[in-house]
Amino acid sequence: MKFHGVLTKMTTENKDQVQYYLSTDSHVLNLNQLMNKSISITFEGYECLSCGKEKKIFRQGHCYECFYEQPSVADWVMKPELSKAHLGIEDRNLAYEEKAQLQPHIVYLALSSNVKVGVTRKTQIPTRWIDQGANKAIPFVEVPNRYLAGITEVALKDHVSDKTSWQKMLKNNVADEDLIKVKHELRQFLPEETQQYYVQEDDVLELNYPVENYPLKVGSLNLDKENFYEGVLKGVKGQYLIFEDGKVFNVRSYEGYKVSLEIA
């Protein structure tokens, strides 16, 4: 079977085992059903997810021009503390920014390689945790806008990491930390503005990924250097495909890349 399409991040469903779906031009593939099958990936070109032009992808699925113009990839997305919509101040498009920023956000603790702190819109739970390959996660504070989430994350970054080691995550080399204990210990470091939003409930969500074998070593597939790759699928975790030879492919990193997929 052969499929063509422009890569976008995989969509997911949290069931007994996380379900992964990859969209192509003609089908939506359930990757859980493709375990132990040989999959070939051929790079065929680019298509900007914003303007639709066949221009080289710069970052996050966008060409250079769109990356510096579109509000969906402005600096406040990666750095929530830069959000200004709550002040009525426009960055690139105030209407877009008000819709995205002025809604409930969760600051959370997740265990993917080590305990890390992160921010997401409330509507993106548990999707955000799945995309990061978290084995466990727990809400820390729930605030009414993105700015408050951002300053909380900044305060906590002095005491806990905000990064995931993707190599450890994909090898499942994860310390079994007690997220409830860590959450309680970190409460003292909340900014004054967000102390009232502390989540009292200690509800830890555990996630189960479709991985048959975790690799001992991992090497990343780079479509800009390797136009063709073929391997046997052994798992999916985060936004990564894991192959039998230890090669991993970060689908989200290659949004906007046109590929053909052949499944044997």
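On a 0 to 90 degree scale, rounded to 10, what angle separates helix 146-156 from the longest Cα axis of the chain?
80
Rounded to the nearest 500, what is the 222 nm mean residue ellipticity of the chain from helices alone, with -39500 (n - 2.57) per DSSP H run of 4+ residues and division by all residues?
On the way: 7 runs with 46 residues, N = 264.
That comes out to -4000 deg cm²/dmol.
List the aspartates and glutamates whose Cα sits under 18 Å from the Cα of LYS171, skipping any in the same chain fewer than 8 residues away.
Partners found: ASP131, GLU206, GLU212, GLU244, ASP245.
Could you sort out which of LYS37/LYS168; LYS56/LYS247; LYS15/LYS116; LYS116/LYS181; LYS99/LYS122; LYS183/LYS237 sit more than 18 Å apart by Cα distance in this structure?
On the way: LYS37/LYS168 25 Å; LYS56/LYS247 24 Å; LYS15/LYS116 24 Å; LYS116/LYS181 14 Å; LYS99/LYS122 13 Å; LYS183/LYS237 25 Å.
LYS37/LYS168; LYS56/LYS247; LYS15/LYS116; LYS183/LYS237, as the Cα separations exceed 18 Å there.
If we count trypsin sites (Lys or Arg not before Pro) as exposed when they sit in a DSSP loop and have at most 13 other beta carbons within 10 Å, what is the longest stretch of the chain that avoids them all?
On the way: sites that count: LYS15, LYS37, LYS53, LYS56, LYS163, LYS217, LYS225.
So the longest stretch without any such site is 57-162.
Give me the dipole magnitude in Debye, nearest 20, for region 91-174 about the Cα centre, with unit charges on the beta carbon: positive for Lys and Arg, negative for Asp and Glu. Write down the numbers at each step before the final one.
Values: 12 positive and 8 negative charges, 68 e Å.
Dipole size: approximately 320 debye.
Short version: what are the Cα gyration tensor semi-axes of the chain, square root of 5 times each eigenvalue, largest first, in whole Å? Intermediate values should be presented prior to the final figure.
Details: eigenvalues 212, 121, 40 Å².
Equivalent-ellipsoid dimensions as semi-axes: 33, 25, 14 Å.
Report the convex hull volume per residue for region 103-206, counting only C-alpha atoms, in Å³.
Working: hull volume 8.8 nm³, N = 104.
Normalising the Cα hull of region 103-206 by residue number yields 85 Å³.
In whole angstrom, how far apart do the alpha carbon centroids of region 74-149 and region 152-231 sit?
Region 74-149 and region 152-231 have Cα centres spaced 15 Å from each other.
Provide the three semi-axes, in whole Å and in decreasing order, of the ellipsoid equivalent to region 125-181 as defined by the square roots of 5 times the Cα gyration tensor eigenvalues.
On the way: eigenvalues 97, 36, 28 Å².
They are 22, 13, 12 Å, listed largest first.
Of all DSSP beta bridges located in the chain, what percent are antiparallel, nearest 5?
Details: 49 of 52 bridges.
For the chain, the DSSP antiparallel bridge percentage is about 95.
Given 0.36 nm per residue, what is the gain on full extension from SER40 to ILE125 after removing their alpha carbon distance, in nm?
Working: separation 85, 0.36 × 85 = 30.60 nm, distance 3.18 nm.
Gain on extension, SER40 to ILE125, equals 27.4 nm.
From the Cα gyration tensor of region 125-264, with a ≥ b ≥ c the square roots of its eigenvalues, which class applies: rounded if a/c is under 1.5, or else prolate if a/b is larger than b/c, or else oblate? Don't skip to the answer; put the middle values down first.
Details: a/c = 2.75, a/b = 2.08, b/c = 1.32.
The shape class here is prolate.
Over all directions, average the projected area of the Cα convex hull of region 1-111 and note it in nm².
Details: hull surface 39.9 nm².
That works out to 10.0 nm², a quarter of the Cα hull's surface.
Is there a quick way to get the dipole size of the chain? I mean about its Cα centre, with the Cβ of Lys and Arg at +1 and of Asp and Glu at -1; what is the value in debye to the nearest 20?
Numbers: 32 positive and 37 negative charges, 95 e Å.
Roughly 460 debye for the chain.
Bear in mind these aren't lab numbers, they're just calculated from the coordinates by the rules spelled out. Keep in mind the model is a prediction, meaning the values are calculated, not measured. Because the Cβ atoms are built from the backbone with ideal geometry, glycine has one as well, and the counts that use them run over all protein chains shown.
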